[in-house]
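Inspection log for the structure reproduced underneath, given as structure tokens.
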Amino acid sequence: MHIKIIDKMKSLLFLYFCVAMAFSAMASSVSDTYVIPNPQQMVCGDGHFVLRAQASFSCNLTGTDKDDFVSYVSNSPLSLTYKKKGKADITFKLVSPENAKMKEEAYRLKVTKKGIQAEATSASGLFYAFQSIVQLARESGNGTYRLPEVTIEDAPRFSYRGMHLDVSRHFYTKEFVKKQIDALARYKLNRFHWHLTDGAGWRIEIKKYPELTRETAYRPFPDWKSWWNGGRTYCRQDALGASGGYYTQEDVKEIVEYARQRHITVIPEIEMPAHSEEVLAALPQLACGGDLKPGGEFCPGKELTYEFLTNVLKEVMELFPSEYIHIGGDEASTNHWKQCPDCQALMKAEGMKEEGELQEYLVSRIEKFLKENGRKMIGWDEILTGELDETSAVTVWRGEDKGAESVKRGLRTILSPGAYCYFDSYQDAPRTQPEAIGGYLPLEKVYSYEPITEAFPADKLDCVWGVQGNVWTEYIPTPEHAEYMIYPRLLALAEVAWTNPEQKDWKRFHAEALQEVKVLNSMGYHTFDLQNEVGNRPVALSVDNHLAKGKKVEYVRPYSDSYPAGGESALTNGIHGGWVYTDQRWQGFLGKGADVIVDLEKSQPIQQLSIDFMQLRGPGVFLPQKVSFLISNDGKEYTLLKTITTTLPITDEQLTIQTYDWTGSCEARYVRVQADINPEAGGFLFTDEFVVK
Ligand code: ACM
Ligand code: ZN
């Protein structure tokens with residue numbers, strides 16, 4: 001009897017287990033059907049197709065396209081076998097553009113119970129169809145895969161879908177680069193912008209100038225921060241403790257070819273005229289004359305500079321078939337040029353009025369050189385200061401106004417603004433994260449990016465070439481850390497680049513990204529732990545309906561025009577600042593600091609006054625020396641309630657958001673807070689939401 005009951009319980013438990021499994025299988029089969037970036041049209045059926053082990057595929061591509069495709073598909077984890085003749089499990093069909101009415105890179109995909117058919121008008125379209133197949137396939141034991149029944153019609157929104165990687169601040173191996181290229185292919189990105197040169201090290205072998213890599217590809221510091229703070233010196237590869245590396249020309253060819261087979265163009269960037277400290281260390285003759293120590297800018301006044309740059313670019317063009325070559329062009333200082341006899345002589349000869357024109361002169365000469373060699377130029381948006389050839393393209397990294405300017409001028413424009421596309425920013429609550437350059441760019445913010453705004457003239461929207469995620473690596477010393485910063489943010493960027501806004505949906509994407517992160521982990525990528533994301537400051541997530549909300553603020557000391565946030569309503573709009581002072585919620589103060597009065601319109605009981613301040617030493621944001629709360633009923637005579645003196649040292653480097661408050665009981669119409677800048681620290685004071693309760 002006793003045994004029987006246990007048996008019965010066992011069978012009930014078993015039944016329960018089966019039902020639970022069935023439900024979880026149903027649940028997972030629904031949510032398992034996703035493709036990132038989301039296709040423009042995807043209709044799911046009820047059934048599925050089982051791709052048996054060693055299933056076959058056919059394709060009617062020809063020549064190199066066919067060789068590349070067959071090799072790629074045959075070597076994929078789905079272990080498919082190419083079938084030259086007869087019916088295959090998967091057919092990839094190239095169709096003529098006239099009949100198919102499909103855009104370049106578009107594809108159609110149909111998975112039925114009987115098989116899989118893909119068609120496209122280009123090899124890249126078939127390649128993307130295959131990427132969707134790979135994402136839809138789920139292992140189902142014994143080397144088989146299950147795919148849901150589905151019909152997809154898909155085409156990219158933008159033709160340029162890129163990721164950038166800075167390999168100067170930290171060097172990453174050829175294998176690492178290839179691994180990232182695999183991920184770009186998975187998410188249908190098609191440009192890899194390779195930032196090969198910068199002050200922290202020259203990373204590409206140039207046969208004519210072996211001293212570049214010999215003298216500056218290594219440094220006696222393992223990471224950028226210690227190098228930056230430790231004298232910014234270089235060493236040779238065989239020096240004790242040497243850290244760094246470079247890509248030989250053979251490595252470069254291998255990577256370019258690897259990317260080509262994955263429909264990715266590698267765009268090399270050779271920085272000029274700035275960010276070139278390493279070149280000037282190896283070849284000091286390219287620096288300006290004058291009394292200043294060499295900086296990071298080439299001397300645009302010397303012919304030698306052009307000889308060097310064009311010689312380097314000749315070798316670069318041999319290695320990179322890309323139509324476009326990126327020449328940097330960002331953040332050049334004119335300090336050295338002002339004092340250099342050669343620069344001044346050139347200005348005089350060319351009738352230039354100010355040193356900025358030297359940058360334009362250099363960019364223009366390089367643009368002409370590239371054009372004469374059958375190539376086109378891309379530069380960061382600083383190149384907009386000069387005349388540009390109509391074939392040149394611009395990578396916009398600053399604000400929307402630069403994007404609008406570039407588009408208005410009819411230039412091909414790649415949008416990569418810092419606020420949405422800089423993957424070196426913190427992706428979660430800064431204190432929970434490894435040190436980053438600053439900012440706060442969670443997945444949701446990347447995903448929310450809409451590249452086309454009203455500032456862009458409607459008749460020039462064709463000039464918006466696409467979008468790009470940038471991976472600057474000052475604070476990214478290891479390959480694992482780089483992947484942590486890239487994934488899953490790159491997935492959101494891929495969807496911004498590929499998917500039309502109507503097909504975007506944050507909730508859906510977030511659920512998919514949670515699953516896809518696990519897939520990426522199983523593939524060996526070290527992603528950010530999206531599952532345990534902390535998110536924005538809790539107080540920043542909802543409106544705070546406190547007594548001062550919507551009440552008028554009088555500024556006894558003015559706020560800074562550089563950081564007005566919402567202007568006069570910023571401190572009492574009920575919206576608290578988040579993790580970054582650039583989120584247009586925090587108000588900035590210079591000079592003596594902040595002194596504001598809020599008129600509550602009538603005298604009323606008050607139990608609490610509070611206000612937040614921020615410290616972030618890097619960019620010069622400090623807590624106030626002290627904060628005082630005062631009240632008044634007539635707006636003339638103020639009674640001091642409390643003064644709080646800051647104890648956090650100004651040397652503390654971590655982001656700190658500190659609340660200063662008074663609690664008690666009083667009645668007042670006017671409440672006032674005075675926050676004095678710490679004279680020892682200087683810098684900015686950032687504050688938000690003067691809360692009255
Ligand atoms: C840049 O971030 N300096 C292009
Ligand atoms: Zn000069």
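The values are calculated or read from the model by the stated rules, or taken from the named source; none is laboratory data. Just so it is clear, the structure is predicted and the values come from calculations on it, not from any experiment. Glycine gets a Cβ as well: all are built from the backbone with ideal geometry, and neighbour counts include every protein chain shown. Remember, those area values only see protein heavy atoms, side chains included, never the ligands or the DNA or RNA. Shrake-Rupley method; radii C 1.70, N 1.55, O 1.52, S 1.80 Å.
Structure summary
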| item | result |
| --- | --- |
| Debye, to nearest 20: dipole size of region 556-693, +1 on Lys, Arg Cβ, -1 on Asp, Glu Cβ | 200 debye |
| Helix-only mean residue ellipticity at 222 nm for the chain, each DSSP H run of n ≥ 4 adding -39500 (n - 2.57), per residue, nearest 500 | -9000 deg cm²/dmol |
| Cα centroid separation - region 46-123 against region 371-420, whole Å | 37 Å |
| Distance violations [Cα-Cα > 32 Å] among Lys174/Lys504; Lys445/Lys626; Lys376/Lys402; Lys188/Lys376; Lys445/Lys518 | Lys174/Lys504; Lys445/Lys626 |
| Accessible surface of Thr527 - all protein chains present, 1.4 Å probe, nearest 10 Å² | 20 Å² |
| Cα gyration tensor shape of region 102-245, rounded if a/c is under 1.5, else prolate or oblate by comparing a/b with b/c | prolate |
| Lys, Arg +1 and Asp, Glu -1 on Cβ, resulting dipole of the chain about Cα centre, debye, nearest 20 | 2500 debye |
| Karplus-derived 3J(HN,Hα), 6.51/-1.76/1.60, for each residue of region 139-146, Hz, glycine and proline x | 4, 10, x, 6, x, 9, 10, 10 |
| Ellipsoid equivalent to region 240-290 - semi-axes via the Cα gyration tensor, in Å | 30, 17, 8 |
| At most 13 other Cβ within 10 Å, DSSP loop - GluC sites (Glu not before Pro), region 356-390 | Glu387, Glu390 |
| Cα principal axis extents for region 369-441, largest first, Å | 51, 25, 15 |
| Measure of compaction for region 99-164 (Cα Rg per 2.2 N^0.38 Å) | 1.24 |
| Solvent-accessible area per residue for the chain (1.4 angstrom probe, square angstrom) | 44 Å² |
| Given Lys225/Lys338; Lys507/Lys693; Lys103/Lys460; Lys101/Lys460; Lys93/Lys460; Lys208/Lys348, the pairs whose alpha carbons are separated by over 26 Å | Lys225/Lys338; Lys507/Lys693; Lys93/Lys460; Lys208/Lys348 |
| Gyration tensor verdict on region 548-693 (Cα atoms; rounded if a/c is under 1.5, prolate if a/b is larger than b/c, oblate otherwise) | prolate |
| Three-way shape label, the chain, alpha-carbon gyration tensor, a/c 1.5 | oblate |
| Normalised alpha carbon radius of gyration of region 452-610 [divisor 2.2 N^0.38 Å] | 1.43 |
| Heavy atoms of Arg260: accessible area, 1.4 Å probe, square angstrom to 10 | 100 Å² |
| Sum of side-chain charges, Ala540 neighbourhood, beta-carbon under 11 Å (Lys, Arg +1; Asp, Glu -1) | -3 |
| Amide H contacts under 5 Å for Gly201, placed H, 5+ residues apart | Glu278 |
| Value in Å of the Kirkwood radius, where region 206-362 supplies the Cα pairs that are averaged | 17.1 Å |
| Rounded to 5, the percent of DSSP beta bridges in the chain classed as antiparallel | 60 percent |
| Carbon/sulfur fraction of accessible area - the chain, other protein chains in place, 1.4 Å, % | 52 percent |
| Euclidean distance of C-alpha centroids, region 200-217 and region 595-647, integer Å | 56 Å |
| Alpha-carbon centroid distance for the pair region 234-253 / region 277-322, whole angstrom | 20 Å |
| Lys253, Lys626, ranked by accessible area, largest first (probe 1.4 Å) | Lys253, Lys626 |
| Solvent-accessible area of Arg409 with every protein chain in place, 1.4 Å probe, in Å² to the nearest 10 | 100 Å² |
| Long-range Cα-Cα pairs in region 174-289 (distance over 23 Å), rounded percent | 37 percent |
